[in-house]
Amino acid sequence: QVQLVESGGGLVQAGGSLRLSCAASGCTFSILTWAWFRQAPGKERDFVAISSWNGASTLHADSVKGRFTISRDNAKNTVYLQMNSLKPEDTAVYYCAARKVWTGTHTGQYDYWGQGTQVTVSS
């Protein structure tokens with residue numbers, strides 16, 4: 001089992017920045033893909049970014065490319081999402097996820113989920 005705990009969400013003005021963290025514990029050695037998803041009110045949970053277990057490979061959704069960056073610190077067993085140039089449409093609950101197979105951009109592919117952290121961007 002793998003446990004994931006997100007932190008770092010909050011209220012920020014448009015154009016501002018936030019860094020989300022996802023602390024992992026348990027059998028993290030089995031994880032090959034770390035991911036961030038987000039879910040806005042009344043909408044489906046959408047893919048934001050993924051990273052390989054060592055951070056060597058990453059993929060970002062077109063909607064956040066150039067503004068958000070996923071990274072991983074293996075020593076701290078933590079995955080980060082650096083969010084810059086935030087827009088009101090980035091407002092959502094952000095979820096960390098993990099799976100035992102490399103890659104995947106669909107929620108159904110993931111084995112483990114955190115509880116989510118709220119990000120609110122005001123205009």
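Computed values, structure above
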{"read-out": "Those residues of segment 31-56 which are at pLDDT 90 or above, of a type in the set (S, T, N, Q) and more than 13 Å from GLY104 (Cα to Cα), in sequence order", "value": "GLN39"}
{"read-out": "Qualifying residue in segment 58-67 (condition: open to solvent by 70 Å² or more (accessible area, probe 1.4 Å) and closer than 17 Å to TYR112 by Cβ)", "value": "no"}
{"read-out": "Count - residues of segment 81-111 that are open to solvent by less than 30 Å² (accessible area, probe 1.4 Å) and among the hydroxyl-bearing types (Ser, Thr, Tyr)", "value": "2"}
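The values are calculated or read from the model by the stated rules, or taken from the named source; none is laboratory data. Just so it is clear, the model here is predicted, and its values are computed rather than measured. Note that each Cβ is placed from the backbone with ideal geometry, even for glycine, and that neighbours are counted across all protein chains shown. We work out accessible area using only protein heavy atoms, side chains counted, and drop any ligands, DNA or RNA first. Shrake-Rupley method; radii C 1.70, N 1.55, O 1.52, S 1.80 Å.
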